[in-house]
Amino acid sequence: MESLFEVVVFLAIATLGAALARKLGLLAPIVLVVVGLVLSFVPGFPHVRLDPDLVLVGILPPLLYVAALETSVPAFRLNLRPILLLAVGLVIFTAFAVGVVVHALLPAVPFAVCLALGAVVAPPDAVAATAIARRIGLPRRVVTILEGESLINDATALVLLRVATMATIGTSVGVGDVAWEVVAATGGGILVGLAGVVVFGFLHKRISDAVLDNALSLIVPFAVVFAAEAIHASGVVAVVVTGLGIGHKMPLLMSAASRLQIGAFWRLTRFLLEGLVFLLVGLQLREVVRDLDEPFGFLIAITAAVLATVIVARFVWLFPATYLARLVPRVRQRETGASVKFPIVIGWAGMRGVVTLAAALALPLTLAQDRPYPRELFIWLAFAVIVVTLVAQGATLPAVARRLRLPPDDPMQDALSAAGVQQQASRAARERLDALADSAPKAVVDRLRRGLEERTNLAWERLGGVDRETPSLAYGRLRQEMIDAEREVFRAARDAGRIPEEVLVRAYRDLDLEESLLRQETD
């Protein structure tokens, strides 16, 4: 009961912190980390120590799954080269750079364990980067690259960490062993992920109840992770592949009711898990500091060195990876006119998060032959990288983006594309209606034709900008007032005993659905 009470307290604090962030116009991840840092030193506040398995198996899979569900597979495929350069190449480059720096400052510590620390701090957070990128309105291609990087880089880092850890505990690791580990983890994860798409896609297609579809959607990421871990494959890769496949096929797999409910369900789940994750990261400070015994001067020096390496390595990798690739004619044709501003803002969006902390806590207690090493120092270094990159880079990323004046996505082009497709969709709908017109009363057919015309007009009205109230906006404003009046009448009738509660619930549901549709059409 006490543990349940603590969970409820943490969720309440995370919710209040997110509300405070919105009120102040700040980014919720940063506010929640700071709140956690402060609360970690409040006397009597619940003691929290993160379990790495809870993070890597209990929290990360659903967050990765919902992110993959919402990722555009065509956009992901189009940007696959920069995504892989960041998610694989940059992670390995950063891990070795940090390993070299730490080994130079701690020559008595074997390079393998220094490389393990590098793998821990190498991957930017899957939650923080996309949450902040979307919140500040970065260009769509930048968001796609950051999302794609955050979906895959954890797998690269965890595989590299597994190989380095094997070496630190005395297991013989050769080139063949490393290659096999990479192939087994990545290839096995892809196979499990594809199997997940087939199995759960089959189940989703045959479930007509929206609540059961929701329940199955919650089970999917955990089932895929457990299946991958059972064969020692990458659970991260498996979840991402399944999420991309299910998300791409969702219009064919689920009913409209299922898609609406699943969308709302995952928005709530992600909100609660993200808030809880960042709060828990901040709450670890007391535990991390308590175990340190290094001289203060050395602690500051090695912390600054690791932080500088993590931040600088991202830029050192990004610019050659961005511009050397354009020596290839096909790449140069596809990416003509790309500004230097893009690698700068992507470079500054390297916030670390809870996966880094979980991986640090999973470092071995001792090395081969039970030799000790400064494990508490390594955990502190990982924690410092998380806090500094998340708070400093996350807080300044909006200012950096504004300073660079990144060319925004053209809303007029989006509206024009949407209007063109809507025109085609309306034509197809009209042809279908004409074919079935004889099976329904003329008044019904005429009403459907008017509704179709209104939807088509709405798409073209969006091309007129926001300086004036379009007919559709006027319709939405007046219909909203009418819905409010209808709700009041139904509520008064229920209170007076003229209708039962069930009638009120059905009427409110219909009015709520109409209001939700109005808001979507006018946004």
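For this structure, a couple of remarks:
- Only one of the numbered conditions (1) out of contact with any Pro (no Cβ under 7 Å at 6 or more places or on another chain); (2) modelled with pLDDT of 90 or more; (3) closer than 19 Å to Val57 by Cα; (4) open to solvent by 10 Å² or more (accessible area, probe 1.4 Å) is violated by Val199, and that is (3).
- Of all residues in the range 247-261, those satisfying the criterion of being assigned to a helix (DSSP H, G or I) and more than 16 Å from the chain's Cα centre (by Cα) are His248, Lys249, Met250, Pro251, Leu252, Leu253, Ala256, Ala257, Ser258, Arg259, Leu260, Gln261.
- Filter pass, Leu285 being more than 23 Å from Leu50 (Cβ to Cβ), touching a Gly at 6+ places or on another chain (Cβ under 8 Å), among the aliphatic types (A, V, I, L, M) and open to solvent by less than 50 Å² (accessible area, probe 1.4 Å): no
- Pairs are defined by a Cβ separation below 8 Å, a sequence spacing of at least 6 or placement on different chains, a first member in the range 470-488 that is closer than 13 Å to Arg455 by Cα and in a helix (DSSP H, G or I), and a second member that is open to solvent by 40 Å² or more (accessible area, probe 1.4 Å) and β-branched (Val, Ile, Thr); the pairs so defined are Ser472/Thr522; Leu473/Thr522; Gly476/Thr522.
- Residue within the range 153-160 that is modelled with pLDDT of 85 or more and over 20 Å from the mean Cα position of the chain (by Cα) present: yes
- Qualifying residue in the range 5-27 (condition: closer than 20 Å to Thr389 by Cα, modelled with pLDDT under 85, under 18 Å from the mean Cα position of the chain (by Cα) and open to solvent by less than 30 Å² (accessible area, probe 1.4 Å)): yes
- Where helices (runs of 4 or more DSSP H) fall wholly inside the range 273-362, the ranges with 2 or more residues that are of a type outside the set (S, T, N, Q) and more than 27 Å from Arg403 (Cα to Cα) are 285-290, 296-323, 329-334, 354-361.
- Flag for Ala131 being at pLDDT 90 or above, part of a helix (DSSP H, G or I), under 24 Å from Val55 (Cα atoms) and under 17 Å from the mean Cα position of the chain (by Cα): no
- Test set (1) surrounded by 12 or more Cβ atoms within 10 Å (Cβ to Cβ); (2) more than 18 Å from the chain's Cα centre (by Cα) - Phe41 fails condition number: (1)
- Residues within the range 429-456 that are farther than 24 Å from Gly476 by Cα and open to solvent by less than 60 Å² (accessible area, probe 1.4 Å), tallied: 3
- Residue within the range 483-502 that is at pLDDT below 85 and surrounded by 11 or more Cβ atoms within 10 Å (Cβ to Cβ) present: no
The values are calculated or read from the model by the stated rules, or taken from the named source; none is laboratory data. Quick caveat, the model's predicted, so the values are computed rather than measured. No Cβ is skipped: glycine too gets one built from the backbone with ideal geometry, and neighbour counts run over all protein chains shown. Calculation scope for accessible area: heavy atoms of the full protein, side chains included, ligands and nucleic acids excluded. Shrake-Rupley method; radii C 1.70, N 1.55, O 1.52, S 1.80 Å.
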